[in-house]
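The values are calculated or read from the model by the stated rules, or taken from the named source; none is laboratory data. All values derive from a computational prediction rather than experimental measurement. In this analysis, Cβ positions are derived from the backbone assuming ideal geometry, glycine residues included, and neighbour counts consider all displayed protein chains. These area figures cover heavy atoms from the full protein model, side chains too; ligands, DNA and RNA do not enter into them. Shrake-Rupley method; radii C 1.70, N 1.55, O 1.52, S 1.80 Å.
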Amino acid sequence: MALTDRLKRGVVGRPIGSDRLGETLLPKRVALPVFASDALSSVSYATEEILLVLSLGGLAFYHISPWLAGAVIVLMLTVVASYRQNVHAYPSGGGDYEVVSTNLGPRAGLLVASALLVDYVLTVAVSVSAGVANLTSAVTGLAPHRVLIAVVIVIVLTMMNLRGVRESGSAFAIPTYGFVAGVFVMIVTGLVQTAVGHTPRAESAGYKVVAEHDYAGFALAFLVLRAFASGCTALTGVEAISNGVPAFRKPKSRNAATTLLMMGILAVTMFAGVSALALISHVHVAEHTADLIGAHGDQPTVITQVAAAVFGHGSPGFVYIATVTTLILMLAANTAFNGFPVLGSILARDGYLPRQLHTRGDRLAYSNGIVLLASFAVLLIIVFHAQVTQLIQLYILGVFISFTLSQTGMVRHWARILRSDAPAAADPAGRRRIRRSQTINFLGACMTGTVLVLVLVTKFTHGAWIVCLAIPIIFLGMRGIRGHYDRVAVELTPEPGPPTLPSRIRAVVLVSKIHAPTLRALAYAKASRPHSLVALTVAVDQADADRLRATWDERGITIDLVVLASPYREVTRPVLEYVARIRRESPRDVVAVYVPEYVVGHWWEHLLHNQSALRLKARLLFQPGVMVTSVPWQLASSTRVEQRLERTGAGAVRRGRSALPAVSAQPGSAPARVGAEPGSAGPGSTGSGSAGSGSTGSGSAGTAVEATPAGTTPSPTERE
């Protein structure tokens, strides 16, 4: 097995057959950490985001935070209830994109898809950066290396997800459940301490916060709304389950709805508990450390301060909370690693993204989507230096666009059912259920639409403008991709009737010197019985051209050898001009260009050749009426690699994927002599002896050879 194959197997694991796709489906206990880690992890920073904004007005504004937390909880419960309707109505996995496309039109659906793609990338960047921030709060010595740590974490998550949804979900289950258990123990312990008179006190309780401005009237209202919008980060990830319904075991919709309800209950309870303990223990934070009088160094996160107040700084409880919080924040990115590839696959299926994103990898995961997501997330982390306070300003705008349009689409969905002849609409009890669902979705649309406006207004100048710019760019890009695919489909549509045959086939074999690959190409071209056949060489050096002509005559090759002068030592341009001249003289003829080349077994062998044939082939492909055929000659190094692959079973897999028959015999067999009779197989051929077999192998006349085998290195057109 090649080194690259060994590395791939070590990272990704052995391939899984398509017939085992059902084995990768998730039970609810595994689906919860896979799809809900983002929503659950937001508990660790949603409270902090509210307090950071309120601190701009000073500590006196902290008394507003319970009301804002309550508003966030009401919004979260409404959104969870709304998405339970989505899960039952659209279980195919299209999620918000499918709901909006079906009910509001394809353009609105594409807008939602653009917003979700941006949000998934930001989910990875924000979650990993928040995890690193929590880690550096506990281990301050790591703070200078936060960008490197964040990038490494993204790479590790990528490799884990490439191994498959089920395997990555099982690995993430323990940290997720550990975080939930730890936070509940902390909340209960803190509330019990408060009840018995031992109120927890945070290390920042004695710090003073300097107000940046005096807020009153409209400015105060704007500050409160901005704090509420920041607290709405607790809702990120709620939509992930509706996009991942196909990954659940049957009954898919019911299991997904149950998991969504469990996630909502856990997230609301933990968010309320952490917010309460932060106020009880008098946690003080500020957007800028300089405004926090008494603080030394970077200020710790809210959840670590609460843990220190409840359990004591450095205690096992504190270390446990800091550890599982760091893990859950890092693993929260896994929600995006499951949502982004699925959405990308659906968009690719519909022609809005490159079709490679619709292909499953060896482990039945959408590998290309996973790698693409990781690449964009790493770019954001590097550009914003893994700073949560900067990345968070870009966050949640995309997700609230999808929330609002999705719930609006669901309102229209229920209205359409009520107007239809569906059995549920004919039954009075069924109509009441539909009306109830429609009301829930209507409330969700109104509330999320209001928050969307608030987020857009309050965060636009703080970085949300980047998202407002990115979403239209992605939208237009996807429309452009769809337009390209549509144009290609029209161009590829065949005309009615049988295919039109060319008048003649004019064969041209590229030659640089007389060696085995050249003779094989000449024999194969002759065996295909074209109407005319010439050998073509470019005289970069006249002395070499004269020696080639002399050798040609000595071997008695009767095929015409055309020598093209090249005073400027170019190879590609003279060949292209020669082929173009043939096409101008006979527009209805097809020119078949045969390129002899040999196959090497090692990557470093490619570096020893100038690859001129590859460049020439690439240019010839743009010429209308020109067919390019590669005639490979396997060198000994490629034979040894193939034998190793066959011994490990990889060779059989590779051969099974190729639909192209072999053109030549095993390396080392005697090359065919190109005989004197035009169009004959050529005397002395060591082929099978059948009519039209002029090559030295099993390839028969008329065999189509389109693709160059992996590892081929151009030889005959090189000047070695």
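With the convex hull drawn around the C-alpha atoms of the stretch 457-512, the volume per residue stands at 128 Å³. Over all projection directions, the Cα-based convex hull of the stretch 507-624 averages an area of 8.2 nm². Quote the Stokes-Einstein diffusion coefficient, in whole µm² s⁻¹, for the stretch 389-494, based on the Kirkwood radius over alpha carbon pairs, a temperature of 4 °C and a viscosity of 1.567 mPa s. For these conditions, the coefficient is 77 µm²/s. When nucleic acids and ligands are ignored and a 1.4 Å probe is applied, residue 188 ends up with an accessible area of around 80 Å².
The lysines whose alpha-carbon is closer than 23 Å to the alpha-carbon of residue 250, local same-chain residues fewer than 8 away aside, are 28. Each listed q (0.16 Å⁻¹) maps to a log10 I(q)/I(0) for the stretch 321-451 from the Debye sum over equal C-alpha point scatterers, namely -1.02. Counted over the stretch 50-114 with a bin width of 10 Å, the fraction of Cα pairs per bin, in whole percents, is 19, 29, 21, 22, 9.
The local environment of residue 99, defined by Cβ-Cβ distances under 14 Å, has a net charge of 0 under the rule Lys, Arg +1 and Asp, Glu -1.
Starting from the Cα gyration tensor of the stretch 412-471, take the square roots of the eigenvalues, sort them a ≥ b ≥ c, and report rounded, prolate or oblate (rounded when a/c is under 1.5, otherwise prolate if a/b is larger than b/c, else oblate). It is prolate, given that a/c is not under 1.5 and a/b is the larger ratio. Ignoring lysines fewer than eight residues from residue 513 along the same chain, the ones with Cα atoms less than 30 angstrom from its Cα are 526, 617. Ranked from largest to smallest solvent-accessible area, with a 1.4 Å probe on the protein heavy atoms, 250, 513 come out as 250, 513. Taken over the stretch 215-337, the alpha-carbon convex hull comes to 159 cubic angstrom per residue. Across the stretch 130-288, Cα pairs under 8 Å and at least six residues apart give a relative contact order of 30 percent. Heavy-atom accessible surface of residue 408, to the nearest 10 Å², is about 50 Å², with a 1.4 Å probe and all protein chains retained.
Summary value for the stretch 395-445: 50 percent relative contact order, contacts being C-alpha pairs under 8 angstrom separated by 6+ residues. Note on the stretch 193-263: with neighbouring protein chains present and a 1.4 Å probe, carbon and sulfur make up 61 percent of its accessible heavy-atom surface. Partners of residue 208 within straight-line reach, counting lysines whose Cα lies under 22 Å from its Cα and excluding those fewer than 8 residues away in the same chain: none found. With every protein chain in place and a 1.4 angstrom probe, the accessible-area ranking of 442, 179, largest first, reads 442, 179. The relative contact order of the stretch 60-165, computed from alpha carbon pairs under 8 Å that lie at least 6 residues apart in sequence, is 12 percent.
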